[in-house]
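The structure appears below as structure tokens.
The values are calculated or read from the model by the stated rules, or taken from the named source; none is laboratory data. Just so it is clear, the model here is predicted, and its values are computed rather than measured. No Cβ is skipped: glycine too gets one built from the backbone with ideal geometry, and neighbour counts run over all protein chains shown. Just the protein is used for accessible areas: all its heavy atoms, side chains included, with ligands, DNA and RNA removed. Shrake-Rupley method; radii C 1.70, N 1.55, O 1.52, S 1.80 Å.
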Amino acid sequence: MPENIPTRALRLGVAGPVGTGKSSLIATVCRSLADELRLGVITNDIYTDEDARFLRSAGVLEPERIRAVETGACPHTAIRDDITMNLLAAEDLERDFAPLDVVLIESGGDNLTATFSPALVDAQIFVLDVAGGGDVARKGGPGIGRADLLVVNKTDLAPYVGVDVPQMVADASDARDGRAVLALSRSDAASVAELRAWVLGVLESHRRGTHVPQDPGPMAPHFHADEEHPDGGFVHSHDEEGGHEHHSGAPGHVPSLSDTRG
Ligand SMILES: Nc1nc2c(ncn2[C@@H]2O[C@H](COP(=O)(O)OP(=O)(O)OP(=O)(O)O)[C@@H](O)[C@H]2O)c(=O)[nH]1
């Protein structure tokens, strides 16, 4: 019998580039599970509560169960390096609606390689879509390679964008050493049923105390444009321990210790 059976809700992260369908996937999960599970949602946006408002207007949960975290800057930082705002939001939601079964946390969607800290979520889904191109899955990165589930979303659009879905799924499976990949469209009931079954499976092992949160690893160094910065922006890198640094310089600039901005 495992000793650490959790008493709190399963926290499930949903990450992926802008517009790949994270909010819609959360709406789909809520629609398919709201009758049998007690759910809550937290969204992350830089300056707005746009995603929370979308989900509230979709009517998939009571509006009060959907909370927005406004990160102010670098939304990936709020799910990886300094997770305080999200942890407080999750704890508040769990206290206000106790007991909850699952809290879904949507990332800000600002970067292809953003991942959640395993200190914030128990499991994470990384969402790509076919409209981003069939070769995206081959490019790898921590979310694509090591999230608990990779979703290849909007498969209904594949014929219009010339993407071979089975090939994209096979490429993704290769990049993931066999970890789970799901081809999804919100209009394809069979794929929605697979997503639902996956969430229930993770919840079951979370409740048994046998689920072990995995760290996909830190995101790749990337450039933040900033008009007021003398170099036009700065390079943002994350280390294995979850810290992060800002360095002066344009894209391609190799930072040295002396130009670390902290
Ligand atoms: N055809 C099709 N469109 C979809 C599907 N899922 C989402 N979309 C559309 O894709 C667009 C982006 O969806 P969102 O759910 O807002 O994507 P997101 O990743 O949350 O976007 P950000 O929060 O801005 O990063 C919207 O126009 C959705 O209606 C799908 O399965 N099929």
Residues satisfying the stated conditions in the stretch 21-56, i.e. under 20 Å from Arg80 (Cα atoms) and of a type in the set (S, T, N, Q): Ser23, Thr43, Asn44, Thr48
Any hit, the stretch 75-82, residues being open to solvent by less than 40 Å² (accessible area, probe 1.4 Å), assigned by TED's automatic domain parsing to the domain that holds Ile46 and of a type in the set (Lys, Arg): yes
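Quick check on the stretch 7-29: of everything there that is touching a residue at least 24 places away in the same chain (Cβ under 8 Å) and more than 16 Å from the chain's Cα centre (by Cα), which residue is farthest from Pro75 (Cα to Cα)? Break it down into steps so the answer makes sense when it comes.
Step one: filter the stretch 7-29 for residues touching a residue at least 24 places away in the same chain (Cβ under 8 Å), giving 8-29.
Checking which are more than 16 Å from the chain's Cα centre (by Cα) leaves us with 8-9.
Working: Arg8: 25, Ala9: 23 Å.
For the stretch 7-29, the residue satisfying everything is Arg8.
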Answer residue from the stretch 102-130, given it is open to solvent by 10 Å² or more (accessible area, probe 1.4 Å) and over 16 Å from Asn86 (Cβ atoms) and is farthest from the chain's Cα centre (by Cα) among those: Asp129
So for the stretch 88-101 (the condition being at pLDDT 95 or above, under 30 Å from Ala189 (Cβ atoms) and within 14 Å of the ligand (Cβ to nearest atom)), does at least one residue qualify? no
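Residue by residue through the stretch 1-49, note down the ones that are basic (Lys, Arg) and open to solvent by 20 Å² or more (accessible area, probe 1.4 Å).
Step one: filter the stretch 1-49 for residues basic (Lys, Arg), giving 8, 11, 22, 31, 38.
Answer for the stretch 1-49, where residues must be basic (Lys, Arg) and open to solvent by 20 Å² or more (accessible area, probe 1.4 Å): Arg8, Arg31, Arg38.
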All but one of (1) under 30 Å from Asp135 (Cα atoms); (2) buried (at least 20 other Cβ atoms within 10 Å of the Cβ); (3) of a type in the set (Gly, Ala, Ser) hold for Ala52, so report the exception by its number. (1)
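What are the residues in the stretch 83-130 that are part of a helix (DSSP H, G or I) and of a type outside the set (A, V, I, L, M, F, W, C), if any? Please lay out each step first, then the result.
At the first step, the residues of the stretch 83-130 found to be part of a helix (DSSP H, G or I) are 84-96, 130.
Of everything in the stretch 83-130, those that are part of a helix (DSSP H, G or I) and of a type outside the set (A, V, I, L, M, F, W, C) turn out to be Thr84, Asn86, Glu91, Asp92, Glu94, Arg95, Asp96.
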